[in-house]
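Reviewing the structure listed below.
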Amino acid sequence: MLARGLRALLWALLPALLLSGCSALKLGYSSAPELSYWWLDSFLDFNDPQSFQVRTDLAALQAWHRQSELPRYVNLLQKLQRLAPATVTPSQLCEVYGELKPRLQALLDQAEPSIAALAPTLTPEQLVHLQRQLDKRSEKWRAQWLTVSLEERNARRVKQLADRAEMLYGNLEEPQLALLRERVAALPFDADLRERESRRRHQDVLQTLRQVQSGAPNGTSVRAALHAWLGRTVRSPDAVYRTQQEIAAQGTCQTLADLHNSTTSAQRLAAIKALQSYEADALSLLAAGR
């Protein structure tokens with residue numbers, strides 16, 4: 001769950017993905033450590049010493065990210081601006097996605113010492129609280145994705161894609177929405193498999209943290225056990241799940257490329273202006289940290 005919290009922090013720190021307007025981007029980035037703290041606290045119910053340390057570590061993580069990672073996102077935003085006026089290929093969009101994946105690993109690597117320091121301080125009561133919160137999260141996910149019809153599930157997926165696209169392009173036209181509906185229906189989405197992977201992740205974090213409490217999980221060091229767990233959060237040991245995720249990623253790149261290529265001149269101009277605004281905000285945030 002700590003790793004999931006760090007992933008949440010990563011998305012809060014990614015200017016390229018915060019497609020919600022300039023002032024919201026700045027506010028979201030500045031508030032990321034505090035928002036991430038409260039999100040983590042809802043799962044782990046920190047005591048006072050832990051609260052102080054987690055807040056300190058999250059602030060330091062953001063400072064590192066501002067100096068080391070923001071320049072990478074400025075470059076990425078500039079690349080997207082160069083792509084926006086033209087026809088794009090799925091491989092070009094997958095290349096952009098490929099540049100984002102190592103950023104998660106970099107964030108986890110940077111945060112690993114803090115996680116290793118915190119994990120042994122967690123009490124059995126906190127792990128019981130964590131399990132309860134994970135169970136609640138699982139129940140909510142199942143209600144949203146497993147207990148609904150295929151039509152409702154696909155409609156939710158279409159809305160998610162359309163909402164994100166409209167943050168760049170403005171309102172989509174009906175043929176563009178029809179394209180999303182067609183592609184979502186064809187893209188693989190095995191809700192049972194995803195639910196199985198979620199259960200695996202929940203069991204993994206609980207088992208790892210319980211082992212850490214013993215001080216010598218399976219004869220390895222605490223740091224080694226946590227490092228291995230973080231690795232499994234990035235790359236699932238479930239080969240079937242990994243294969244489906246790769247197929248889905250390729251399909252999404254194709255869908256987004258086709259959607260972009262269907263946009264009007266006005267929609268592409270709106271995307272360019274939005275990306276320029278995100279770049280300006282990223283540069284402003286970078287300058288503010290110097």
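The values are calculated or read from the model by the stated rules, or taken from the named source; none is laboratory data. All of these numbers come straight from a predicted model, not from anything done at the bench. Note that each Cβ is placed from the backbone with ideal geometry, even for glycine, and that neighbours are counted across all protein chains shown.
Do we have V96 as free of Cβ contacts under 8 Å to residues at least 40 places away in the same chain and over 16 Å from the mean Cα position of the chain (by Cα) here?
Spelling it out, it is not the case that V96 is free of Cβ contacts under 8 Å to residues at least 40 places away in the same chain and over 16 Å from the mean Cα position of the chain (by Cα).
So which residues in the stretch 163-174 are modelled with pLDDT of 95 or more and closer than 20 Å to A248 by Cα?
Residues satisfying the conditions do not exist here.
For every residue, the table says whether it meets (1) modelled with pLDDT of 90 or more; (2) among the polar types (S, T, N, Q); (3) surrounded by fewer than 16 Cβ atoms within 10 Å (Cβ to Cβ).
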site: D135; (1), (2), (3): yes, no, yes
site: W145; (1), (2), (3): yes, no, no
site: V148; (1), (2), (3): yes, no, yes
site: V158; (1), (2), (3): yes, no, no
site: Q176; (1), (2), (3): yes, yes, no
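Taking the options A178, A106, A111, A116, name whichever one is of a type in the set (G, A, S), without any contact (Cβ under 8 Å) to a residue 60 or more places away in the chain and over 22 Å from A248 (Cβ atoms).
Residue meeting the stated conditions: A106.
Restricting the search to the stretch 261-271, which residues are assigned to a helix (DSSP H, G or I) and in contact with a Phe, Trp or Tyr (Cβ under 8 Å, 6 or more places away or on another chain)?
Q267, R268, A270, A271
I need the full set of residues from the stretch 236-245 which are in a helix (DSSP H, G or I) and more than 16 Å from the chain's Cα centre (by Cα), in order please.
Once the filter is applied, which keeps residues that are in a helix (DSSP H, G or I) and more than 16 Å from the chain's Cα centre (by Cα), the stretch 236-245 yields A239, V240, Y241, R242, T243, Q244.
Considering every residue within the stretch 112-129, establish whether at least one is in a helix (DSSP H, G or I), under 17 Å from R235 (Cβ atoms) and of a type in the set (D, E, K, R).
Checked against the condition, which is being in a helix (DSSP H, G or I), under 17 Å from R235 (Cβ atoms) and of a type in the set (D, E, K, R), the stretch 112-129 yields at least one hit.
Report the residue count in the stretch 172-193 for those that are part of a helix (DSSP H, G or I), among the hydrophobic types (A, V, I, L, M, F, W, C) and within 19 Å of Q245 (Cα to Cα).
The number of residues fulfilling the criteria is 6.
For the list (1) modelled with pLDDT of 90 or more; (2) surrounded by fewer than 15 Cβ atoms within 10 Å (Cβ to Cβ); (3) small (G, A, S), I need the number of the one condition that A288 fails.
Exception for A288: condition (1).
Yes or no, residue by residue, for (1) basic (K, R); (2) part of a helix (DSSP H, G or I); (3) out of contact with any Gly (no Cβ under 9 Å at 6 or more places or on another chain):
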site	(1), (2), (3)
F43	no, yes, no
S51	no, yes, yes
D57	no, yes, yes
W64	no, yes, yes
V74	no, yes, yes
K79	yes, yes, yes
V88	no, no, yes
S91	no, yes, yes
K101	yes, yes, yes
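Six or more apart or on different chains, Cβ atoms under 8 Å: show the pairs whose first residue is in the stretch 138-155 and more than 21 Å from L187 (Cβ to Cβ) and whose second is modelled with pLDDT of 90 or more and part of a helix (DSSP H, G or I).
These pairs meet every condition: S138/E195; S138/S198; S138/R199; S138/H202.
Consider the stretch 63-75. How many of its residues are touching a helix residue (DSSP H, G or I) at 6+ places or on another chain (Cβ under 6 Å) and closer than 11 Å to A282 by Cα?
Result for the stretch 63-75: 3.
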